[in-house]
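Trainee: Got a structure for you, written out below as structure tokens; questions coming shortly.
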Amino acid sequence: METISVYGSIAEELKNEVRAFRFENKLSDAGRIVACGDGVLTIAGLPNVKNGELLYLGGDKYALVMNLERDRVGAILLNDTYELGEGDIAYSTGKIVGVPVGDMLLGRVVNPLGAPLDGGKPIVSKKYRPVEAPAPAIFDRAGVNDPLLTGIKAIDSMIPIGKGQRELIIGDRQTGKTALAVDTIINQRGKNVVCVYVAIGQKIASVNSVIHTLKNHGALDYTVVVCSTASESAPLQYIAPYTGTAIAEEFMHAGRDVLIVYDDLSKHAVAYRAISLLLKRPSGREAYPGDIFYIHSRLLERSAKLSEAQGGGSLTALPIIETLAGDISASIPTNVISITDGQIYLESELFRSGVRPAVNVGLSVSRVGGAAQCKAMKKVSGKVRLDLAHYREMAQFTQFGAELDSSTKAILGKGARLTEILKQRQASPVSMSHTVIALTVMMNDLFSDIAVRDVNAAMDGFFDFLEANHPDLPARIEETQILTDEDEGLIREYLSAYKGNVARISDEIRALQEKSGGKA
Ligand code: ATP
Ligand code: MG
């Protein structure tokens, strides 16, 4: 009897304790730092911690768990801090890194943890998203069938990109990679596409100039800039693209179209390599760790075109990779080429010779975007790639001063004019109808009487003429997305009217010059 009553009182006590228990947001576990240096911590005594978990180090200092070993964990510091030392305490939080997401980020520049860098007010959001998230499942995806226009003639016609696609921009340093991506962002103005620009390991001056360009072209209002410069720690550079993707995903899951630029993933790989070497992980090819493919594939797999049931949003990715002396067979370029749905290859040789954007059409490809190209563009661009290839082949051959027959001359003339028309200044995107009309003129040899160096000026003149006299033609192409045979006939008709005008004006100018020359 007695024993029972003892047990009874213990049970009562326990019950009271359970009743008095209140759930609190507690730091669950504590461990001690046993080694610390170069932004990497080794901590003993956190047996229940998980990979990718956030550790709290006191103050506003946090670390991210990267390595789980038998009796210690390796973590990377998310802040630049020199105040930590051996013996300090690290608490596990049970959470993974998250960032504030939502509309209030538009027009802002933030660091990879979501803190503002533009001197604006703090970012307060009810909603956070984990920076690492699984990619949408295959059943939640739809086919890529909507074009994402870059506003760059060479790309929209020959290497079309669809919403939800991942298209790599690859090239040596200073070949216009950033310019191409930024121009694409600028071209999304008024098209209801949200953009995210992620700068990884770049110079502060370069990032500032991108932000400046975006602002000047009214593109910052619909863009979020996530910035981790070269002076920041490797861990921050490492999580920057995942942060950008988390911010982008929020818009995608709300049913919107999103474009994300990762500038660039070569530097991201270098940051990850630094972390891995500090964590003493074994290294592989070019000293990159074995899972370098995985960190990029799990990032780019998060781009998708969602099905209607999932809201129909999309996330299009333009990762950038820098090559060394055009070597696309190095470790990181081959990895990312195999992950993406195509690449735009920029060449220094072309860039130097004045072909800008310096797209090497032969080595560039878009594996899915063709399905998303509109009918008008498909109709005019079908033969452009072939004609250009033909031209390049002939041009190489005729360098040796061979005697040329008339058909070779025609191919060379057409190719040279086509190359000229595909040149485009920075930050001057053109509309779909503009590209369609320009290519209609070129592919039908309607400019064969104009000197190669005057082709662009003549085309600009023709567009001014169209705008003044026949604005309905480009508007119709833009609206219907079709180039009818009648409209093609109209382009010929308007062009000959324009040429007539030009001839008349130049005659008049010549007459005036002769007159004034006579007086003199
Ligand atoms: P980095 O390797 O340093 O990141 P990058 O490949 O991103 O360089 P950009 O910075 O975009 O190249 O461009 C290099 C230079 O070329 C810049 O000065 C830019 O203004 C110029 N440039 C880029 N595109 C064009 C263009 N279409 N027309 C004229 N100039 C251009
Ligand atoms: Mg760049």
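The values are calculated or read from the model by the stated rules, or taken from the named source; none is laboratory data. Quantities reported herein were computed from a predicted structural model and do not represent experimental measurements. Here the Cβ is made from the backbone with ideal geometry for all residues, glycine too, and neighbour counts use every protein chain on show.
Trainee: Which residues, taken from region 243-269, are farther than 25 Å from E308 by Cα and either away from ligand 2 (no atom under 15 Å from the Cβ) or without any contact (Cβ under 8 Å) to a residue 12 or more places away in the chain (or both)? Spell out how you get there, then give the answer.
Mentor: Our first condition is that a residue be farther than 25 Å from E308 by Cα; within region 243-269, this holds for 243, 262-269.
Selection gives T243, A269.
Trainee: Right, something else. Quick one: is G120 away from ligand 2 (no atom under 16 Å from the Cβ), in a loop (DSSP other than H, G, I, E, B) and either under 15 Å from the mean Cα position of the chain (by Cα) or at positive phi (or both)?
Mentor: Details: away from ligand 2 (no atom under 16 Å from the Cβ): yes; in a loop (DSSP other than H, G, I, E, B): yes; either under 15 Å from the mean Cα position of the chain (by Cα) or at positive phi (or both): no.
So G120 does not fit the description; no.
Trainee: Looking at (1) farther than 26 Å from Q481 by Cα; (2) in contact with a Lys or Arg (Cβ under 6 Å, 6 or more places away or on another chain), find the lone condition where V455 falls short.
Mentor: (1)
Trainee: State yes or no: is F251 modelled with pLDDT of 95 or more and within 26 Å of S233 (Cα to Cα)? Write out each step before concluding.
Mentor: Working: modelled with pLDDT of 95 or more: yes; within 26 Å of S233 (Cα to Cα): no.
When the stated conditions are applied, F251 does not pass them.
Trainee: Any residue in region 284-303 that is polar (S, T, N, Q) sitting within a Cβ distance under 7 Å of a residue that is surrounded by 17 or more Cβ atoms within 10 Å (Cβ to Cβ) and part of a helix (DSSP H, G or I)? List the pairs, counting only those 6 or more apart or interchain.
Mentor: Pairs found: S297/I339.
Trainee: Of a type outside the set (D, E), over 22 Å from I337 (Cα atoms), in contact (Cβ under 8 Å) with a residue 24 or more places away in the chain and not in a helix (DSSP H, G or I): which single residue out of S206, S231 fits that description? Lay out the reasoning, then the answer.
Mentor: Numbers: S206 fails: not in a helix (DSSP H, G or I).
Selected residue: S231, the only one of S206, S231 that is of a type outside the set (D, E), over 22 Å from I337 (Cα atoms), in contact (Cβ under 8 Å) with a residue 24 or more places away in the chain and not in a helix (DSSP H, G or I).
Trainee: Taking region 323-345, which residues are charged (D, E, K, R) and free of Cβ contacts under 8 Å to residues at least 60 places away in the same chain?
Mentor: Across region 323-345, the qualifying residue is only D327.
Trainee: Quick one: is A427 surrounded by 15 or more Cβ atoms within 10 Å (Cβ to Cβ), within 16 Å of ligand 1 (Cβ to nearest atom) and at positive phi?
Mentor: On the way: surrounded by 15 or more Cβ atoms within 10 Å (Cβ to Cβ): yes; within 16 Å of ligand 1 (Cβ to nearest atom): yes; at positive phi: yes.
Against the criterion (surrounded by 15 or more Cβ atoms within 10 Å (Cβ to Cβ), within 16 Å of ligand 1 (Cβ to nearest atom) and at positive phi), A427 qualifies.
Trainee: Quick one: how many residues across region 299-323 are of a type in the set (A, V, I, L, M, F, W, C), within 16 Å of ligand 2 (Cβ to nearest atom) and in contact with a Pro (Cβ under 9 Å, 6 or more places away or on another chain)? Walk me through how you get there before you give the answer.
Mentor: Quick first cut of region 299-323, residues of a type in the set (A, V, I, L, M, F, W, C) only: 299-300, 304, 306, 309, 315, 317-318, 320-321.
Still in the running and within 16 Å of ligand 2 (Cβ to nearest atom): 318, 320-321.
Those left that are additionally in contact with a Pro (Cβ under 9 Å, 6 or more places away or on another chain): 321.
Number satisfying all stated conditions: 1.
Trainee: Before we move on, is P160 within 30 Å of K375 (Cβ to Cβ), touching a residue at least 12 places away in the same chain (Cβ under 8 Å), crowded, with 17+ Cβ neighbours inside 10 Å and more than 16 Å from ligand 2 (Cβ to nearest atom)?
Mentor: yes
Trainee: Going through region 140-156 one residue at a time, which ones are within 19 Å of the chain's Cα centre (by Cα) and assigned to a helix (DSSP H, G or I)?
Mentor: Once the filter is applied, which keeps residues that are within 19 Å of the chain's Cα centre (by Cα) and assigned to a helix (DSSP H, G or I), region 140-156 yields K153, A154, I155, D156.
Trainee: Would you point out the residue of region 324-349, among those that are under 24 Å from K153 (Cα atoms) and of a type in the set (D, E), that is farthest from ligand 2 (Cβ to nearest atom)? It would help to see each step written out before you state the result.
Mentor: So the first thing to find is which residues in region 324-349 are under 24 Å from K153 (Cα atoms), and the list is 326, 337, 340-349.
From what's left, of a type in the set (D, E): 341, 347, 349.
Numbers: D341: 22, E347: 15, E349: 18 Å.
By that ranking, first place goes to D341.
Trainee: From the list A246, A230, A179, A254, pick out the single residue that is within 21 Å of G52 (Cα to Cα) and among the hydrophobic types (A, V, I, L, M, F, W, C). Spell out the reasoning first.
Mentor: On the way: A230 fails: within 21 Å of G52 (Cα to Cα); A179 fails: within 21 Å of G52 (Cα to Cα); A254 fails: within 21 Å of G52 (Cα to Cα).
Exactly one residue qualifies, and that residue is A246.
Trainee: If I go through region 157-187 residue by residue, how many of them are more than 10 Å from ligand 1 (Cβ to nearest atom), part of a helix (DSSP H, G or I) and over 13 Å from G342 (Cβ atoms)?
Mentor: Matching residues across region 157-187 total 4.
Trainee: Another one. What are the pairs, 6+ residues apart or on separate chains, where a residue within region 191-202 that is more than 16 Å from ligand 1 (Cβ to nearest atom) has its Cβ under 6 Å from a residue that is modelled with pLDDT of 95 or more and polar (S, T, N, Q)?
Mentor: Listed pairs, sorted by first residue: C195/Q188; C195/T223.
Trainee: A further question follows. What are the pairs, 6+ residues apart or on separate chains, where a residue within region 104-121 that is in contact (Cβ under 8 Å) with a residue 40 or more places away in the chain has its Cβ under 7 Å from a residue that is small (G, A, S)?
Mentor: R108/G120; N111/S228; P112/S228; P112/A240
Trainee: Okay, moving on. Which count do you get for residues in region 260-296 that are within 16 Å of ligand 1 (Cβ to nearest atom) and in a loop (DSSP other than H, G, I, E, B)?
Mentor: 1
Trainee: Now, a different point. Can you tell which of D38, D71 is more than 37 Å from the chain's Cα centre (by Cα), among the acidic types (D, E) and exposed (fewer than 15 other Cβ atoms within 10 Å of the Cβ)? If you could, list the steps in order and put the result at the bottom.
Mentor: Working: D38 fails: more than 37 Å from the chain's Cα centre (by Cα).
Answer to the selection: D71.
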